[in-house]
Amino acid sequence: MKDTLKHRGMRNKLAEIVEAKGITDKKVLEAIKTIPRHLFLDSGFEDHAYQDKAFPIGADQTISQPYTVAFQTELLQVKPNDKILEIGTGSGYQTAVLLHLKARVYTIERQQELFKKTKLFFTKMGYRPKKMIFGDGYKGLPEDAPFDGIIVTAGAPEVPKALMSQLKVGGRLVIPVGEDEQVMTLFVRKSEKEFEKRELGAFRFVPLLEDKN
């Protein structure tokens, strides 16, 4: 599959849709315009790549809706060289957005089939996360903590304590919390003991499963 002018046109349109829904971060919109989302889906589904909706990618997982990716990324307030932990690599699209923002990305995927597929894809595309790990995202990555930002791309019934503890003071955790429907939640670490919490509306994600490996 190639990336053509037509694809670029579709991406520009997608960025406009996402902007119209309230995304204001220019760098995030630029990432949506730049990253060839159709390459993250199987070639038969190319037509779905630039619609603002989630789409199945195998192993009972989905590639998140572009608006959701943009929304979560905007909440993270990524600066170049920030150390970001991503829980749920999935198709790798969110990872690519973070890399576009020049973050150092550590990403964890618990579905082996998806992990292998995305790892190969990253190599082919020249995407270079700092670490790509097959494992349980609930535990985070203590050996590489603390992080400037942590992004969870699956719904969590509650907020994993391990992730809270791996955040730098001043760091931000963006996580969808809830069982069937999730509330997008932002935690900002104010001090060793203190977190500020904001709830930012309802979303739907596949569940974040604990100890499934």
Output yes when any residue across region 85-98 is out of contact with any Ser or Thr (no Cβ under 9 Å at 6 or more places or on another chain) and open to solvent by 10 Å² or more (accessible area, probe 1.4 Å), and no when none is.
no
Of the conditions (1) open to solvent by 70 Å² or more (accessible area, probe 1.4 Å); (2) within 17 Å of K168 (Cα to Cα), the single one that A103 does not satisfy is (1)
Residue list for region 38-57, restricted to those being closer than 23 Å to G126 by Cα and in contact with a Ser or Thr (Cβ under 9 Å, 6 or more places away or on another chain):
F40, L41, I57
Suppose we filter region 45-74 for residues that are among the small types (G, A, S), out of contact with any strand residue (DSSP E or B) (no Cβ under 8 Å at 6 or more places or on another chain) and within 28 Å of E199 (Cβ to Cβ); how many remain?
2
Does P66 fit the bill of being at pLDDT 85 or above, open to solvent by 20 Å² or more (accessible area, probe 1.4 Å) and not hydrophobic (A, V, I, L, M, F, W, C)?
no
Count of region 161-176 residues which are surrounded by fewer than 17 Cβ atoms within 10 Å (Cβ to Cβ) and more than 18 Å from K79 (Cα to Cα):
4
Of these, I108, I151, I133, which one is in contact with a Gly (Cβ under 6 Å, 6 or more places away or on another chain) and either within 25 Å of G58 (Cα to Cα) or at pLDDT 95 or above (or both)?
I108
Quick check on my filter: what residues within region 117-156 are in a strand (DSSP E or B), open to solvent by less than 30 Å² (accessible area, probe 1.4 Å) and β-branched (V, I, T)?
I150, I151, V152
Any pair with Cβ under 7 angstrom, 6 or more apart, that starts in region 24-46 at a residue that is free of Cβ contacts under 8 Å to residues at least 24 places away in the same chain and ends at one that is outside any helix (DSSP H, G or I) and of a type outside the set (D, E):
F45/F55
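Here's a check for you: in region 16-43, which residue that is open to solvent by 70 Å² or more (accessible area, probe 1.4 Å) and small (G, A, S) is nearest to F115 (Cα to Cα)? Give the derivation first.
Quick first cut of region 16-43, residues open to solvent by 70 Å² or more (accessible area, probe 1.4 Å) only: 16-17, 19-21, 24, 26-27, 30, 33, 42-43.
Then drop every residue that is not small (G, A, S), which leaves 20, 43.
Values: A20: 33, S43: 19 Å.
Ranking the candidates gives S43 first.
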Any idea which of K13, K79, K53 is surrounded by fewer than 16 Cβ atoms within 10 Å (Cβ to Cβ), touching a helix residue (DSSP H, G or I) at 6+ places or on another chain (Cβ under 9 Å) and either under 29 Å from F187 (Cα atoms) or in contact (Cβ under 8 Å) with a residue 24 or more places away in the chain (or both)?
K53
Taking interchain pairs and intrachain pairs at least six residues apart, which have beta carbon atoms under 8 angstrom, with the first residue in region 132-144 and more than 13 Å from I84 (Cα to Cα) and the second in a helix (DSSP H, G or I) and open to solvent by 40 Å² or more (accessible area, probe 1.4 Å)?
F134/Q112
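The values are calculated or read from the model by the stated rules, or taken from the named source; none is laboratory data. Just so it is clear, the structure is predicted and the values come from calculations on it, not from any experiment. Glycine gets a Cβ as well: all are built from the backbone with ideal geometry, and neighbour counts include every protein chain shown. Ligands, DNA and RNA are stripped out before the accessible areas are found, and what is left, the full protein with its side chains, is counted by its heavy atoms. Shrake-Rupley method; radii C 1.70, N 1.55, O 1.52, S 1.80 Å.
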